[in-house]
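Asker: Have a look at this one before I ask anything.
Read-outs: derived from the displayed coordinates by stated rules, not from any lab. Everything numeric here is computed off the predicted structure, so don't read it as measured data. Note that each Cβ is placed from the backbone with ideal geometry, even for glycine, and that neighbours are counted across all protein chains shown.
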Ligand SMILES: CC(C)(COP(=O)(O)OP(=O)(O)OC[C@H]1O[C@@H](n2cnc3c(N)ncnc32)[C@H](O)[C@@H]1OP(=O)(O)O)[C@@H](O)C(=O)NCCC(=O)NCCS
């Protein structure tokens, strides 16, 4: 990872419907076909992400001034023992632009929006080395169980309201599917 490059000055914005193909391509490139076997995929399969917690980072190309989508962050709702909770991810940054602060900027923005929208806590399956600096840890989710293994990653939580996760005991399950309206 290059350490001599300056942080990238990206603009972080809500994801728009027309961003979907670029977001899908970025996630496929970043996580590969094996992503659909991960436990977190069960939470996403057939369910839309949380629409007000979907963000992209765009970078203005110096020569043309055109904006390019370079990173994406989504959250999914999952069913906790006492109600829905947001699960952070997937987070993906264009490979050529990694290590320049874009991922951290997106996570910081996403967490601040999650809190602003009134969610009391956030869950994640991720690398503690990356997410602990944001306040994620295993302690708050000690009583919660996921429907499958997550190794080598770690299941963690971050509370915005003290006690929002600590003390919860039970399973974290996929959120109920929302059936499309019948015409
Ligand atoms: C993980 C990812 C989103 C990070 O984005 P990024 O823009 O490169 O991250 P930032 O520039 O904000 O931060 C880079 C720092 O995070 C560290 N880092 C990157 N991935 C890490 C990981 N999995 N675990 C621990 N640290 C990690 C880098 O070593 C770097 O540390 P440094 O600042 O001390 O040099 C990006 O590498 C990516 O898209 N990876 C593929 C998809 C993925 O694994 N997503 C995360 C799922 S939990």
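Asker: At 222 nm, what value in deg cm²/dmol follows for the chain if DSSP H runs of at least 4 each add -39500 (n - 2.57) and the sum is divided by all its residues, to the nearest 500?
Answerer: Computed mean residue ellipticity for the chain: -6000 deg cm²/dmol.
Asker: Follow-up question, since we're still on this one. For a protection proxy built on the mean count of beta-carbon atoms within 10 angstrom, sort 70-82, 131-143 highest first, please.
Answerer: 70-82, 131-143
Asker: Mind pulling the angle between the C-alpha long axis of helix 20-31 and the longest principal axis of the chain? Nearest 10 degrees, somewhere in 0 to 90.
Answerer: For helix 20-31, the angle is close to 80 degrees.
Asker: Could you work out the relative contact order of the chain? I mean the mean sequence separation of Cα pairs under 8 Å and 6+ apart, divided by the number of residues, in percent.
Answerer: Relative contact order for the chain comes out at 22 percent.
Asker: Determine how many Å³ per residue the convex hull of the Cα atoms of region 42-182 encloses.
Answerer: Dividing the Cα hull volume of region 42-182 by its residues yields 138 Å³.
Asker: Could I have the simple spin-label model distance between residue 61 and residue 41, label points 7 Å from Cα toward Cβ, reported in nm to one decimal?
Answerer: The answer from the label model is 3.2 nm.
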